[in-house]
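Below you'll find the structure, written out as structure tokens, and then a few comments.
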Amino acid sequence: MSTIDIGLAENLTHSRYAIVLSTGKRLILFRLPRISQSNTPAIVEDHDWVYYAMEAECPHAGGPMSDAHIDIEDSSYIASCPWHAYDFSLDTGESSYGVKACTYPVHLQDGRVLLRFPEAKGVQLSTIQAVSEKVKFKHGPRENATGLPKYLSDDASMCDWCIHILNTADPEHKIELTTHLFSLFATREQSPTPMSIGAGIATAPDEPPRQDLREVKPGQMPRAGKGGTLKSRITMLHALANIEQWAIDLAIDICVRFATFQTTAPKDSIPQHLPRTFYYDWLKVANDEAKHFSLLRARLEELGSHFGALPVHHGLWESATMTAHDLRARISVIALVHEARGLDINPLTIEKFRIAGDLESVDVMTIIHNDEITHVTTGHRWLTWICQQEGTNPVQVFRTNVQKHFRGAIKGPFNADARQQAGMDKSYYEDLAGLPGGKGEVIAGG
């Protein structure tokens, strides 16, 4: 048995930390709000916070538990793997799927967080690193400042918030409002007064407005080159920032546009509304996309440019318009075509930055790539859920919707490993083409 000093509790301000022990063992430390009336022997309270530790890889297929989705069931925290949604009690490590994750007791002594590691003696902490949840907000005066963002009242519904964010043109305000909405929704889910959904009360805009951007067709975008020059890397980062801003709106839009969705029930079954976890998942995606946009925008400024310095395209929203009538089509085209293409392209982009010695951009792109695997997983999970309710095959539903609502062929090279991690095997995307008339590469991201 080893007792490992993790550090002062007052210095642990993030919600999760990646820990490496001197043996090479990797763990995740979670810092979560205290649940009232909970009986949690594996944790100890530090004012309003509780701490859990578990192995870093899902015992099912090795998924990253640092990106786990956290829920509350029966007054206990549950961590679900982002790859295949295997759920694990953070108290016991037990799962409803019959497998068990290793969890480690944590206690507090003299203001320090201590972890008990029973597998060996003399084990020490090697490294601890906060898992990125931070958004880079702009500080100080903005160019053409438009004041502070408008916050809605306490009784505003989720749909009210979503429409407000979609109609917000200022990108800085969009970041702040999106991160606020996710935090507010997630916090109230743990309270007696969860946020109302507000389905069907208001209508999403046909296209979110943009501020001071010059629009061109996707084929008219400046060529980025191979990343060997500063100009080339700025062009790459600017194009990616544009995609991430649209990705915020796409994740917000799916919540409000399809809030009245019901499954088509097979015989002797009842149509199902979307569960509240659907909205939590997509608001989490929107929060991630806001983080991604903020990181890219900040990196552009560090390199001497700014977002809006180059033209942008609205290609992702064109796909959103083509799928505005059907949630199955929206998930298929946006999450499982566009965002899945990002899984193929991101490692190539990261390598270009690495070769150029731009390690700061490598760090930003690595965060984005790891998050986007979980976004494709979210799309796959909810398309699969809909198909389970309707008695249909998710692979066939996906391929049919691509053939009807996407222009062009789904071309490689494919990052088969990352796609598999997200739940998409080759049966989804091999030998697949959409409508005629598509030109060039699939827009990666979203």
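For every residue, the table says whether it meets (1) open to solvent by 20 Å² or more (accessible area, probe 1.4 Å); (2) in contact with a Leu (Cβ under 7 Å, 6 or more places away or on another chain); (3) in a loop (DSSP other than H, G, I, E, B); (4) under 16 Å from ILE248 (Cβ atoms).
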{"residue": "THR321", "(1), (2), (3), (4)": "yes, no, no, no"}
{"residue": "SER332", "(1), (2), (3), (4)": "no, yes, no, no"}
{"residue": "HIS338", "(1), (2), (3), (4)": "no, yes, no, yes"}
{"residue": "PRO347", "(1), (2), (3), (4)": "yes, no, no, no"}
{"residue": "GLU351", "(1), (2), (3), (4)": "yes, no, no, no"}
{"residue": "GLU372", "(1), (2), (3), (4)": "no, yes, no, yes"}
Whichever residue in the range 213-226 is open to solvent by 60 Å² or more (accessible area, probe 1.4 Å) and part of a loop (DSSP other than H, G, I, E, B) and, among such residues, is nearest to PHE353 (Cα to Cα): LYS226
Residue check for GLY423: on the phi > 0 side of the Ramachandran plot and open to solvent by 40 Å² or more (accessible area, probe 1.4 Å): no
Filter pass, THR264 being on the phi < 0 side of the Ramachandran plot and part of a loop (DSSP other than H, G, I, E, B): yes
Enumeration of residues in the range 374-413 that are among the β-branched types (Val, Ile, Thr), assigned to a helix (DSSP H, G or I) and under 19 Å from GLY434 (Cβ atoms): VAL376, VAL395, VAL397, THR400, VAL402
When residues of the range 210-226 are limited to those that are over 13 Å from HIS313 (Cβ atoms) and out of contact with any Ser or Thr (no Cβ under 6 Å at 6 or more places or on another chain), the one modelled with the highest pLDDT: GLN211
Exclusive hit being open to solvent by less than 10 Å² (accessible area, probe 1.4 Å) and either modelled with pLDDT under 95 or not in a helix (DSSP H, G or I) (or both), set ASP288, ASP249: ASP288
Members of the range 291-316 that are touching a helix residue (DSSP H, G or I) at 6+ places or on another chain (Cβ under 6 Å), in a loop (DSSP other than H, G, I, E, B) and either basic (Lys, Arg) or over 13 Å from ASN242 (Cα atoms) (or both): LEU303, SER305
Condition check for ILE234: more than 14 Å from THR178 (Cα to Cα), in a helix (DSSP H, G or I) and out of contact with any Cys (no Cβ under 9 Å at 6 or more places or on another chain): yes
Which numbered condition ILE350 misses (of (1) at pLDDT 90 or above; (2) touching a strand residue (DSSP E or B) at 6+ places or on another chain (Cβ under 9 Å); (3) farther than 23 Å from GLY200 by Cα; (4) of a type in the set (A, V, I, L, M, F, W, C)): (2)
Filtered residue count, the range 143-182, keeping only those that are surrounded by 16 or more Cβ atoms within 10 Å (Cβ to Cβ), polar (S, T, N, Q) and free of Cβ contacts under 8 Å to residues at least 60 places away in the same chain: 2
Strands (runs of 3 or more DSSP E) contained in the range 78-140 and holding at least 1 residues of a type in the set (D, E, K, R) and either at pLDDT 80 or above or open to solvent by 60 Å² or more (accessible area, probe 1.4 Å) (or both): 87-89, 112-117
Residue that is in contact with a strand residue (DSSP E or B) (Cβ under 9 Å, 6 or more places away or on another chain) and either over 28 Å from ASP358 (Cα atoms) or modelled with pLDDT of 85 or more (or both), where the choices are THR235, THR229, THR178, THR187: THR187
Some residue of the range 403-423 being under 14 Å from HIS338 (Cα atoms) and of a type in the set (Val, Ile, Thr): yes
One residue from SER89, SER95 being touching an Asp or Glu at 6+ places or on another chain (Cβ under 7 Å) and closer than 30 Å to GLN420 by Cβ: SER95
Checking HIS273 against (1) closer than 25 Å to GLU73 by Cβ; (2) open to solvent by less than 20 Å² (accessible area, probe 1.4 Å), the condition it does not meet: (2)
Cross-chain or 6+ apart pairs with Cβ under 7 Å, the range 187-212 first and in a loop (DSSP other than H, G, I, E, B), then of a type in the set (Lys, Arg): PRO194/ARG188; MET195/ARG188; ALA204/ARG257
Test: residue in the range 407-427 that is touching a Leu at 6+ places or on another chain (Cβ under 9 Å), of a type in the set (Val, Ile, Thr) and at pLDDT below 95: yes
Search result, residues across the range 148-184 that are farther than 20 Å from TYR279 by Cα and basic (Lys, Arg): LYS150
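The values are calculated or read from the model by the stated rules, or taken from the named source; none is laboratory data. The structure displayed is predicted, hence computed values, not measured ones. Don't worry about glycine lacking a Cβ; one is built from the backbone with ideal geometry, like all the others, and counts go over all protein chains shown. SASA here: full protein model, heavy atoms, side chains in, ligands and nucleic acids out. Shrake-Rupley method; radii C 1.70, N 1.55, O 1.52, S 1.80 Å.
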